[in-house]
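The structure appears below as structure tokens.
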Amino acid sequence: MAYHRRGNKGRKKSNRQVQGDEVIRVPLPRGGQIFGVIEQALGSGWMDVRCEDGRIRRCRIPGKLKRRMWMRVGDLVIVQPWSVQSDERGDIVYRYTRTQVDWLLRRGKVSRDFLSGADVLL
């Protein structure tokens, strides 16, 4: 009986990035993406998100994320602004866990002032 390798199917995708000598296991915003904190859940996969640039965007949760994880008010997320209405709309690309938020705070990637109104720090 011969067993065949099926490419990358069934393997866990690595989320490691390397900056200098440091290996980063937490995804960071890149290519126009920004940090955001969920302010209000609107229903049907839409959220109001307070972004790092000071704007409040109405963001949608893509079906891929909607089926895999719950998003709550106060969660830290990565937002990809839309190309058309970039100041008003966006997509939520990733939600951070509490442990990842602590790591981002220790490394100085996110400020406590930005998270001050959020339930993430409790």
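The values are calculated or read from the model by the stated rules, or taken from the named source; none is laboratory data. What you see is a predicted model, and the numbers here were worked out from it, not measured in a lab. Positions of Cβ are backbone-derived with ideal geometry, glycine not excepted, and every protein chain shown enters the neighbour counts. Heavy atoms of the whole protein, side chains included, go into the accessibility calculation; ligands, DNA and RNA do not. Shrake-Rupley method; radii C 1.70, N 1.55, O 1.52, S 1.80 Å.
Filter segment 80-109 down to the residues that are part of a loop (DSSP other than H, G, I, E, B) and farther than 16 Å from Leu28 by Cβ and list them by number. Scanning segment 80-109 gives Trp82, Ser83, Val84, Gln85, Ser86, Asp87, Glu88.
Residues in segment 86-98 that are over 17 Å from Gln40 (Cα atoms) and of a type in the set (D, E, K, R) were compared, and the one that is least open to solvent (accessible area, probe 1.4 Å) is Asp87.
Matching residues to (1) open to solvent by less than 70 Å² (accessible area, probe 1.4 Å); (2) out of contact with any Ser or Thr (no Cβ under 6 Å at 6 or more places or on another chain); (3) at positive phi:
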| residue | (1), (2), (3) |
| --- | --- |
| Val84 | no, yes, no |
| Gly108 | yes, yes, yes |
| Ser111 | yes, yes, no |
| Phe114 | yes, yes, no |
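The residue pairs whose first member lies in segment 83-102 and is among the polar types (S, T, N, Q), whose second member is open to solvent by 60 Å² or more (accessible area, probe 1.4 Å) and in a loop (DSSP other than H, G, I, E, B), and whose beta carbons are closer than 9 Å, counting only pairs six or more residues apart or on different chains, are Gln100/Arg25.
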